[in-house]
Amino acid sequence: MTCEALQTRFTSLIDHNPMNTFQVLMVAICFILNMNDGIDVLVVSFSGSEIVKEWGLSKTELGYIFSAGLMGMTVGAFFPAAAFSDGVVCFQPEIEEF
């Protein structure tokens, strides 16, 4: 099946069928996982001053902690995405004029 035919088929399925319980559950799970992914940055930012006191770190070293968290999120966003992809990439964004 060509990329265009596959895209048309999925678009038709989405346009003509309501979301079922499984799809709503998947959206809710993705929402919760996204919240959990971002909460580590929030927790480190709130506890940063206590981390500096407890571990005797400088502000530069605290910057490394923040950077390590963001680098981990960046690496985690790219490499697992490639591992879980199905190998068929048919992403052709359509630009609509309003």
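Model label sites at Asp15 and Phe79, defined 7 Å from Cα along the beta-carbon direction, differ in position by 4.1 nm.
Calculation over all alpha carbon pairs of the stretch 36-78 in 5 angstrom steps from 0 returns a P(r) of 5, 22, 30, 22, 12, 6, 1 percent.
Modelling each spin label as a point 7 Å along the Cα-to-Cβ direction, I'd like the Phe31/Ile65 distance in nm, to one decimal. Taking the two extended label points, one gets 3.2 nm. Cβ-Cβ distance of Gln23 and Val44, R₀ of 41 Å, FRET efficiency by 1/(1 + (r/R0)^6): the value works out to about 0.75.
Read-outs throughout are calculated quantities, based only on the coordinates presented, and are distinct from any laboratory measurement. No experiment lies behind these values; they were computed from the predicted model shown. Here Cβ is always computed from backbone atoms with ideal geometry, including for glycine, and neighbour counts include all displayed protein chains.
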